[in-house]
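Novice: Here it is, the structure in full.
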Amino acid sequence: MTFLETDTLGQERFSLLLLEPGEIYFEDFSVYFYPDGYVDSSSPPTVNKEQRGHLKVCSKSVVFVPKDIQWPILKFPMQNVKVIEEHQVGLLSKIDKILKITSDQCVEMKKNNIIAPFGFKKGLADYFFRLNYATLDDALGPICQIHRASTLPPAEQAAMISVIVLSRRSRVKFNTSWLEDLYENILLETQADRITPLATNPGRIMLTSSRLYFQPFNNIDRWPVLKIRIKDIRQIILRRFLLRQLGVEIECCDTAPVTHLYLAMKTEADRNEFYEKITHLEELQLEERRQEDMTLRWQSGITSNYDYLLYLNSMADRSFNDLTQYPVMPWVVQDYHSSQLDLDDESTFRDLSKPIGALNEERLQKIKERLPDLPEPKFLYGSHYSNPGYVLFFLARIAPEYVLCLQNGRFDHPDRMFNSIQDTWTNCLTGASDFKELIPEFYAGSGEFLVHNGVINFGFRNDGRPVGDVSLPPWASDPKDFICKLQEALESDYVSRHLHLWIDLIFGYKQHGEAAMEADNVFHYLTYEGSVDLQRIKDLNERACLETQIMEFGQTPKQLFTSPHPQRLTSGPIPRPLVAHSVSLHIKPEVQVVSNVHLEGGDAPSLMQTNLSVDVADKQDDKEEGTAVNFKNFDSLTPQLEYTLHKNIVTAVHMSADEKNIFSVSHDGLLKMYSLEEQRQLRSVNLSSMPLSSCVVMPDNKTIIAGSWDNNVYFYSIEYGSVQETLQAHDDAVSCIMWMERVLYTASWDGTVKMWQLEEEQDSVTHSEYLGQLDHEDGVLCMDTQASCRRLVTGSRDGHLALWDLDHCYLVSSISLHDGPINACYMCLESRRIVTCGADRLLKVTDMDTMTEMFAKDLTHPVLCIGALGSLLVTGNAAGLLQVWDMDVGQVVAQLEAHKGGITSIDTRGVLLSGGEDRCIRLWKPGP
């Protein structure tokens, strides 16, 4: 999956990607453009007489963006502009406010809003613009100032532009009317650049006691001021930017306006002051990411190779927001010609102990022959393994606008593009200057970057074929299969046993010094941190040249390890990535969010636009086959059976599949088995000295699985009358457990949901094998899934609702839904909804596909548990009420006073069972 925008129809046509990398956009003016030359306002309109739009003033160009998308965007590079002046048209000139630009080149872009190579219209010509609201002097002065800068040598031009930027910044103060709360305590106000791939946008930072504000100096963003609550910030990472310690990357929760904000300050001191102040705020709750813990988790086989490599990239200042330091991944497979990919054959894999440049011994020797002729400091490889050009080489099909931005409006020659996996690998082995490694997209997602959707015309190759999809190796049936097999290769036993060698080269002790020379791993000195201090270089031309080289050539990651990296101890089952990474540039398309419906009481509008008059009896037809409860007469239900055997709160109650026995667990640590046929207790087992939180009954009716606050999960055999296995599952209390399709899911206050494969022998569980885990920011209190859904929903103590992909064990989405713990959650697969209830007394319905809150109702008492029969929901609340909800209209259609105190557990399979704080268990059936 990718979040890159490749179709901008309906979106703002102008973006910073239409400018040179790093060019700054200042302001715009509403204008009319006259493509056929200006005729004064007294003349009648003619065809193509005028085009309405905006004139964008930038640091190296002026850009006209027509309102009508059929016309191309016009860019006038200042280096090609000859004259900028007021156009004289008799006595009307002052009235019409005409601006004339004379240029020997006009760049045409995005005609009909189609992404295509830029058109370069050469030849001296005049271009006329009439301003609508501003005076001519308002536009003429700033444009002429930038034009004068363009006539200077590159270094002096950069210096003058910096002065212009500084002057504009000093005139713009933070607009305090944008403060969310006028009583916020302002801690810091400073200037910073917002960094996105290939683009820089200057602005002003305001840090208060509760929020971080970024106010851009222009109108390029959809927010006049970006506001981020301090409590929504999850990570603050200090970054290198162009080999200088100026950057800070802020990661936020999904409910924040942006999930990533990358800032570059003017000086390291400014950056450090900002970091010091924001990290001392009381509301800031950062996730712990200690390197020692992550390395240990990876070494023990808990964290996947993919996740660990992404973590190391982040620690080494690699970011999806910075193309000069994009995350780097290794080539692990070298067999791209066989019909089958054999992951048991070591010859399938690349030698991870050597850099790409040293894999071909013949090429390496030729490179070493040049060493004596090179000046100090000597290097082996004239190009790097990761730079913006290499990243976009791979992503050209999904990021064409970035390619055009980096390559001055042109695509590469069709034969030099990323056309074949095999050819690219071969060139990396034999090419004189090709030493590139891979990017994360090769190991995540479904391979969209390998597919040409037909919208962009990349041209024709020498053999007459157009550039199309990337040619895959014979062992891959399609891009998704290719990515899946590379994922398997990355997590394979061979790679797990050798990956530490590659880490030594890229992030470790073989990155620098004598060890790097011995490993044939030496690149140009400008790629290494600390190799040059740009601040001390007085020659402006030299500094500008070095900055360009650093940006384009590539940067070696920050060194993380100064001694050999430990080897992975075990491989075991392949751990899947546990976090959903937006593997591509962090640019998300616009999403229209449906407004929340929050009801304080009374009737709710129908969520499906159905009639509010609901016949409850009709809903009975929708229930699962075998259900005995008739909701039409729900109020007349009476306890068919009632008993009190536990000494404390009943936490879980379940009916056996044959409907002969009731099983229950409690805070008293006891497992109870009650026979419906004999009307008596058959078993009472003390499983733990601490409370039991949950239990499930296996379909064979022979094994009961129970979770405990002592961090363990117990497997009790009814046949043998003993605990057959005790699983030390978590580092804190087990809050709930669930069994689905031969997999046991256990949730805990330690913030994880773990998955265990249950092995059975002669109808009894004999062993549980760890499959992986889903990490949360706080303790997990509830979870739910449905058969064949391959999605799991979890609710946490901090009020977050998370949706997980069970095929790859990654987070699909997470939202802050409740103010406080989520008590219970239920996934309704047919209607694609998730129902949750929390300690905040709210019952909410969330759309499963968009994770948009669709409905919220404030209840008198919090709901503690949820069950379902067909399309109807049954809830038990803290006041002892059983309630039936028709969620098509969000209404309670029936309720019953069931317990004295809260109802903590219900079971709706076949019959209706309830257990509560009053220690009672009740079986409900219709009365006479």
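The values are calculated or read from the model by the stated rules, or taken from the named source; none is laboratory data. Here the structure is a predicted model, which is why all the values come from computation and not from measurement. For neighbour counting, all protein chains shown are included, and Cβ atoms are generated from backbone atoms with ideal geometry for every residue, glycine included. We work out accessible area using only protein heavy atoms, side chains counted, and drop any ligands, DNA or RNA first. Shrake-Rupley method; radii C 1.70, N 1.55, O 1.52, S 1.80 Å.
Novice: Collect the residues in the stretch 412-427 that are without any contact (Cβ under 8 Å) to a residue 40 or more places away in the chain and either crowded, with 17+ Cβ neighbours inside 10 Å or among the aliphatic types (A, V, I, L, M) (or both), keeping them in residue-number order. Steps first, please.
Specialist: The initial filter retains those residues of the stretch 412-427 that are without any contact (Cβ under 8 Å) to a residue 40 or more places away in the chain, namely 412, 416, 424, 426-427.
Scanning the stretch 412-427 gives ASP412, THR424.
Novice: A follow-up question, please. How many of the residues making up the stretch 639-660 are assigned to a strand (DSSP E or B) and under 10 Å from ILE704 (Cβ atoms)? Can you show your working first?
Specialist: Going residue by residue through the stretch 639-660, those that are assigned to a strand (DSSP E or B) are 639-643, 650-655.
Now drop any that are not under 10 Å from ILE704 (Cβ atoms), which leaves 654.
Number of matching residues: 1.
Novice: Is it the case that ARG52 is modelled with pLDDT under 90, under 23 Å from PHE118 (Cα atoms), of a type outside the set (A, V, I, L, M) and touching a strand residue (DSSP E or B) at 6+ places or on another chain (Cβ under 8 Å)?
Specialist: Values: modelled with pLDDT under 90: no; under 23 Å from PHE118 (Cα atoms): yes; of a type outside the set (A, V, I, L, M): yes; touching a strand residue (DSSP E or B) at 6+ places or on another chain (Cβ under 8 Å): yes.
When the stated conditions are applied, ARG52 does not pass them.
Novice: Among SER347, SER338, which is the only one that is modelled with pLDDT of 95 or more and in a loop (DSSP other than H, G, I, E, B)? Don't jump to the end; show me each part of the working.
Specialist: Values: SER347 fails: in a loop (DSSP other than H, G, I, E, B).
None of the other options fit; the residue is SER338.
Novice: Considering the stretch 140-155 alone, what residues qualify as being surrounded by 15 or more Cβ atoms within 10 Å (Cβ to Cβ) and without any contact (Cβ under 8 Å) to a residue 60 or more places away in the chain?
Specialist: Within the stretch 140-155, LEU140, GLN145 qualify.
Novice: Can you name the condition, by its number, that LEU872 falls short on among (1) at pLDDT below 90; (2) within 15 Å of ILE822 (Cα to Cα)?
Specialist: (2)
Novice: Going by the conditions given, is GLU448 under 19 Å from ALA399 (Cα atoms), within 32 Å of the chain's Cα centre (by Cα) and not hydrophobic (A, V, I, L, M, F, W, C)? Walk me through it before giving the result.
Specialist: Working: under 19 Å from ALA399 (Cα atoms): yes; within 32 Å of the chain's Cα centre (by Cα): yes; not hydrophobic (A, V, I, L, M, F, W, C): yes.
Yes: the conditions hold for GLU448.
Novice: What number of residues within the stretch 130-174 satisfy the criterion of being under 13 Å from ILE84 (Cβ atoms), within 42 Å of the chain's Cα centre (by Cα) and of a type in the set (A, V, I, L, M)? Spell out how you get there, then give the answer.
Specialist: The initial filter retains those residues of the stretch 130-174 that are under 13 Å from ILE84 (Cβ atoms), namely 136-137, 139-151.
Now restrict to residues that are within 42 Å of the chain's Cα centre (by Cα): 139, 142-143, 145-147, 149-150.
Still in the list and also of a type in the set (A, V, I, L, M): 139, 143, 146, 149.
Of the residues in that region, 4 qualify.
Novice: Tally the residues that are of a type in the set (Gly, Ala, Ser), crowded, with 21+ Cβ neighbours inside 10 Å and either farther than 23 Å from ALA269 by Cβ or free of Cβ contacts under 8 Å to residues at least 24 places away in the same chain (or both), restricting the search to the stretch 191-213. Can you show your working first?
Specialist: Filtering the stretch 191-213 down to residues of a type in the set (Gly, Ala, Ser) leaves 192, 199, 203, 209-210.
Next, from what is left, pick out any that are crowded, with 21+ Cβ neighbours inside 10 Å: 192, 199, 203.
Restricting the remaining residues to those that are either farther than 23 Å from ALA269 by Cβ or free of Cβ contacts under 8 Å to residues at least 24 places away in the same chain (or both) gives 199, 203.
Residues that pass the stated criteria total 2.
Novice: Just name the residue that is farthest from ASP504 (Cα to Cα) out of those in the stretch 356-371 that are open to solvent by less than 10 Å² (accessible area, probe 1.4 Å) and of a type outside the set (Val, Ile, Thr).
Specialist: Result: LEU364.
Novice: Among the numbered criteria (1) modelled with pLDDT of 95 or more; (2) closer than 30 Å to CYS106 by Cβ, which one does GLY389 miss?
Specialist: Unmet for GLY389, out of (1) modelled with pLDDT of 95 or more; (2) closer than 30 Å to CYS106 by Cβ: (1).
Novice: Among residues belonging to the stretch 677-689 that are open to solvent by 30 Å² or more (accessible area, probe 1.4 Å) and either touching a residue at least 40 places away in the same chain (Cβ under 8 Å) or in a strand (DSSP E or B) (or both), point out the one that is farthest from VAL723 (Cα to Cα). Step through it out loud before you land on a result.
Specialist: As a first pass, look at the stretch 677-689 and keep what is open to solvent by 30 Å² or more (accessible area, probe 1.4 Å): 677-684, 686, 689.
Cutting the leftovers down to either touching a residue at least 40 places away in the same chain (Cβ under 8 Å) or in a strand (DSSP E or B) (or both) gives us 680-684, 686.
Numbers: ARG680: 22, GLN681: 19, LEU682: 16, ARG683: 13, SER684: 13, ASN686: 10 Å.
The residue in question is ARG680.
Novice: Could you check the stretch 160-213 and list, in sequence order, the residues that are assigned to a strand (DSSP E or B), of a type in the set (Gly, Ala, Ser) and farther than 22 Å from SER15 by Cα? Break it down into steps so the answer makes sense when it comes.
Specialist: Let us first name the residues in the stretch 160-213 that are assigned to a strand (DSSP E or B), namely 186-196, 199-208, 211-213.
Narrowing the set further to residues that are of a type in the set (Gly, Ala, Ser) leaves 192, 199, 203.
Within the stretch 160-213, none qualify.
Novice: Still on this structure, I have one more. Considering GLU287, GLU276, GLU283, which residue is free of Cβ contacts under 8 Å to residues at least 12 places away in the same chain and more than 21 Å from LEU323 (Cα to Cα)? Talk me through it step by step, then tell me what you get.
Specialist: Details: GLU287 fails: free of Cβ contacts under 8 Å to residues at least 12 places away in the same chain; GLU283 fails: free of Cβ contacts under 8 Å to residues at least 12 places away in the same chain.
Answer to the check: GLU276.
Novice: Please state which of the following conditions ASP344 fails to meet, knowing it meets all the rest: (1) open to solvent by 70 Å² or more (accessible area, probe 1.4 Å); (2) in contact with a Cys (Cβ under 9 Å, 6 or more places away or on another chain).
Specialist: (2)
Novice: Let me ask something else about it. Within the stretch 815-828, is there a residue that is over 21 Å from VAL697 (Cα atoms) and modelled with pLDDT under 90?
Specialist: Of all residues in the stretch 815-828, those over 21 Å from VAL697 (Cα atoms) come to 815-823, 828.
Add one more test, that the residue is modelled with pLDDT under 90, and what stays is 828.
So far as the stretch 815-828 goes, yes, one or more of its residues are over 21 Å from VAL697 (Cα atoms) and modelled with pLDDT under 90.
Novice: Looking only at residues in the stretch 697-728 that are over 16 Å from LEU781 (Cβ atoms) and under 34 Å from the mean Cα position of the chain (by Cα), which one is least open to solvent (accessible area, probe 1.4 Å)? Give the steps one after another, and end with the answer.
Specialist: Here is the first cut: in the stretch 697-728, the ones over 16 Å from LEU781 (Cβ atoms) are 697-706, 710, 712-728.
Applying the additional criterion that residues be under 34 Å from the mean Cα position of the chain (by Cα) yields 712-713, 727-728.
Values: ASN712: 29, VAL713: 0, LEU727: 17, GLN728: 158 Å².
That would be VAL713.
Novice: Which of the residues that make up the stretch 320-335 are open to solvent by less than 10 Å² (accessible area, probe 1.4 Å), part of a loop (DSSP other than H, G, I, E, B) and in contact with a helix residue (DSSP H, G or I) (Cβ under 6 Å, 6 or more places away or on another chain)?
Specialist: TYR326, PRO327, PRO330, VAL332
Novice: Of all the residues that make up the stretch 837-868, how many are at pLDDT below 80 and under 16 Å from GLN891 (Cβ atoms)? I'd like the intermediate steps shown before the answer.
Specialist: Quick first cut of the stretch 837-868, residues at pLDDT below 80 only: 847, 849-856.
Narrowing further to those that are under 16 Å from GLN891 (Cβ atoms): 854-856.
Qualifying residue count, the stretch 837-868: 3.
Novice: While we're on this one: Tell me, which strands (runs of 3 or more DSSP E) lie completely within the stretch 776-887 with 2 or more residues that are among the aliphatic types (A, V, I, L, M) and open to solvent by less than 30 Å² (accessible area, probe 1.4 Å)?
Specialist: On the way: elements: 780-784, 791-796, 800-805, 810-816, 822-828, 833-838, 842-847, 853-858, 863-869, 872-877, 881-886.
Hits in the stretch 776-887: 780-784, 791-796, 800-805, 822-828, 833-838, 842-847, 863-869, 872-877, 881-886.
Novice: Kindly list, by first and then second residue, each pair from a residue in the stretch 638-654 that is closer than 20 Å to LEU896 by Cα to a residue that is surrounded by fewer than 14 Cβ atoms within 10 Å (Cβ to Cβ), limited to pairs with Cβ atoms under 7 Å and residues at least 6 apart or on different chains.
Specialist: Pairs found: THR638/GLY927.
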